[in-house]
Structures are given as C-alpha cells and as structure tokens.
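Structure first, commentary second.
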Amino acid sequence: MIVGLGLIAPFFIYILAGVVAQLLLRHGAEQQRWLDAFIFYLALPALLFQSVRVVPPGAASLLGFLAVTTAMTGLMFVIGWLIGRGNKTQDHPAVFGLAASYSNIGYMGPALTVAVLGPAAGAPAAFVFCADVLLIFTIWPAMIGEGRRGFARLAQSLRKVVTHPFILATLAALVFARTGWVLPTFLDTPLTGFQNAAAPAALFSLGLTLARNRGGAMGARLGACLGVKLIVHPLAVALAFMVVSGFDPIWVATAIIMGALPPAANVYVMARAEGISVPLSARTVLYGTAFSAITLPLVISLVG
C-alpha cells in the first residue's frame, strides 16, 4: 500500500495543484482551452507514439488481449446502465454506464502505467485506450439516440474516433515500428519533451476542471457505479486473465491498472455536449477521482 501510494502521489499532486490554481485564480473554461489543445494534440499523442514505436513483447497476442479488456469494459457499462435504470432523478442510465466503465485512460492511463510498470507498459496502455474509446464512442450514441438521430450520432462518434489524435498517434507508431527505422535525434528530442510534459499538464488540467464543477451529494446509485468502476472493474479484468491466460505479465498488469482508473473527465464533456445529466457527470468525475486516491494505490501494490 505504501509503495503504491508513493508511486501514485505525484499524479494526485498534479491534480491538486490544478484545483488550487483554479480556486485562487478563478479562470473560466475558455482560458483553459489552449492548455487542453497542447495536451490533446501534442503532449499525449507524443507519449503514445514514443511508447508504441518500438514493437514491444506481447504484441503477437494483441487481438486476444484487447478482446478480454474490451469485453470487461462493455460488461461494466451494462452493469452501470442497469444500476441507473429507473432512478428517481430522471438521470440518463447511459451516464451511469459511463461512470462504471469509462476509465481515465487518456489523461492518466499511459503516464501512470509507464511510471508504475516501466516503458514496456506504454504500448498495451495505448492499445487499451484505442479499443475502449472505439467501444465507448459506439455505445454512447446508440444508448442516447433514437431512430435516425441515433444513427447520425453514431456516425459522428465514429468519425471522431478515426480522427482522434491519440488513435492517429498510435497507428502512426505502429506503421513506424514496421519500417525498422530509427527516429532521428532532432525529432526524438522534442517528442520526448512533449512526452514528459503529458502527465503533469493533463492532470493539472483535470484539476482545473474538477474545481470548476463541484457537485452535490453523491447518491447511492452513483456510489454503486463508482464501486463497480474502482473495485469490480480491475477485479474482473484480473479474473478474466486468469481464465484466458498466456499473456505477457506486464500487459496483464497494465490492463488491471487501466481498469482501476477513475472515470474519465470525458464523461462530463460528453454529457455536457448532449445536455444529459450534466450535474451527475460532474459528480462522477469528482467523486471517482477522489475515491481512486484510496483504491488505486491498493491495486498498484498488488500488481506493480
């Protein structure tokens, strides 16, 4: 537990720094836009590219690996959706599904797994990100849309997936890895700089967002979904890899940590974009991130 807490503490300090900065400076979301653009288009794509461009051990079993991780994410969504059905506040059950399944795999996942498990964890973290984003961005519009509107939302979501900078960076890295080329120093050095900036900038930005969107009481249904996300999800991934064995231990450990991450800040972004259960989504990110400060060190202590 102490070791896990020591590994994860810097990441929560970055988040706390963002919270404090927002409370002191009280800037609006518009003033955060350029920081988010740097993270979204440069820092995190550089991290993913640098992690994947050297073909890692375990890549030969990639499809089987992703079948397991994606199935567990989908199962958690269904559980969360069932928990959220028939709630008295009329919140959309799909938001509960996101709360139980959609990990912070972009802003926290790659950086945290690399810090805990070493550079070999970067590639499986990137692959899990790609598969989970494809799944979530397929389920979400299908669940909230109706008829032609649902199909239009689905098509729009899939366009976002195939043009997502994180996915494009991962695909570019895979192509580069197949060439056998060595990255020139004049490109490797700035990419490494952007890579190193990814975690502090992304988590600082998350702290800014959390401080601006403080919610009310958590509620029993959301609490149950967060229990599914932070406890059941990593446990289900671990059990699945016990049943379907033969994968690289680093890849399995990466998948478990990715499953244990708190709900993504994108849960709030997606709900706000559709005008669906926005206060619930804000509470999801806030409470999920806070509780993960307790649960994540436990998971890391077990697998790290």
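Among the candidates ALA43, ALA71, ALA37, ALA29, single out the residue that is of a type in the set (Gly, Ala, Ser), modelled with pLDDT of 95 or more and under 29 Å from LEU286 (Cβ atoms).
Answer to the selection: ALA71.
In the set ALA201, ALA265, ALA240, ALA255, which member is open to solvent by less than 10 Å² (accessible area, probe 1.4 Å) and either within 25 Å of PHE137 (Cβ to Cβ) or modelled with pLDDT under 95 (or both)?
ALA255
From the list PHE291, PHE247, which one is touching a residue at least 40 places away in the same chain (Cβ under 8 Å), outside any helix (DSSP H, G or I) and more than 22 Å from GLN90 (Cα to Cα)?
PHE247
Looking only at helices (runs of 4 or more DSSP H) that fall completely inside segment 19-99, which ones have 2 or more residues that are touching a Phe, Trp or Tyr at 6+ places or on another chain (Cβ under 8 Å)? First the steps, then the outcome.
Details: elements: 33-38, 44-52, 62-84.
It comes to 44-52, 62-84.
Collect the residues in segment 3-41 that are β-branched (Val, Ile, Thr) and without any contact (Cβ under 8 Å) to a residue 40 or more places away in the chain, keeping them in residue-number order. Spell out the reasoning first.
We begin by selecting, within segment 3-41, every residue β-branched (Val, Ile, Thr); these are 3, 8, 13, 15, 19-20, 39.
The answer is ILE13, and nothing else.
Starting from residues that are touching a residue at least 40 places away in the same chain (Cβ under 8 Å) and among the small types (Gly, Ala, Ser), keep the ones in segment 224-237 and report whichever is nearest to THR70 (Cα to Cα).
So, considering only residues that are touching a residue at least 40 places away in the same chain (Cβ under 8 Å) and among the small types (Gly, Ala, Ser), the one nearest to THR70 (Cα to Cα) is ALA236.
Sort out which residues of segment 107-128 are open to solvent by 10 Å² or more (accessible area, probe 1.4 Å) and not in a helix (DSSP H, G or I), and write them in order of number.
Residues satisfying the conditions are TYR107, GLY118.
Just one of GLY246, GLY207, GLY216 is buried (at least 19 other Cβ atoms within 10 Å of the Cβ), out of contact with any Phe, Trp or Tyr (no Cβ under 6 Å at 6 or more places or on another chain) and either within 18 Å of ASP132 (Cα to Cα) or not hydrophobic (A, V, I, L, M, F, W, C) (or both); which is it? Even if it seems obvious, please write down each step before you answer.
Details: GLY246 fails: buried (at least 19 other Cβ atoms within 10 Å of the Cβ); GLY216 fails: buried (at least 19 other Cβ atoms within 10 Å of the Cβ).
Answer to the check: GLY207.
Quick check on my filter: what residues within segment 10-44 are surrounded by 14 or more Cβ atoms within 10 Å (Cβ to Cβ) and under 17 Å from ASN213 (Cα atoms)?
Listed by number, the residues that qualify are ILE15, LEU16, ALA17, GLY18, VAL19, ALA21, GLN22, GLN32, ASP36.
Please work out which one of (1) among the small types (Gly, Ala, Ser); (2) open to solvent by 30 Å² or more (accessible area, probe 1.4 Å); (3) at pLDDT 90 or above is the condition GLY86 fails and give its number.
Against the list (1) among the small types (Gly, Ala, Ser); (2) open to solvent by 30 Å² or more (accessible area, probe 1.4 Å); (3) at pLDDT 90 or above, GLY86 comes up short only on (3).
The values are calculated or read from the model by the stated rules, or taken from the named source; none is laboratory data. This is a predicted model, so every value here is computed, not measured. We place every Cβ from the backbone using ideal geometry, glycine too, and count neighbours over all the protein chains shown. Side chains included, ligands, DNA and RNA excluded: accessible areas come from the protein's heavy atoms. Shrake-Rupley method; radii C 1.70, N 1.55, O 1.52, S 1.80 Å.
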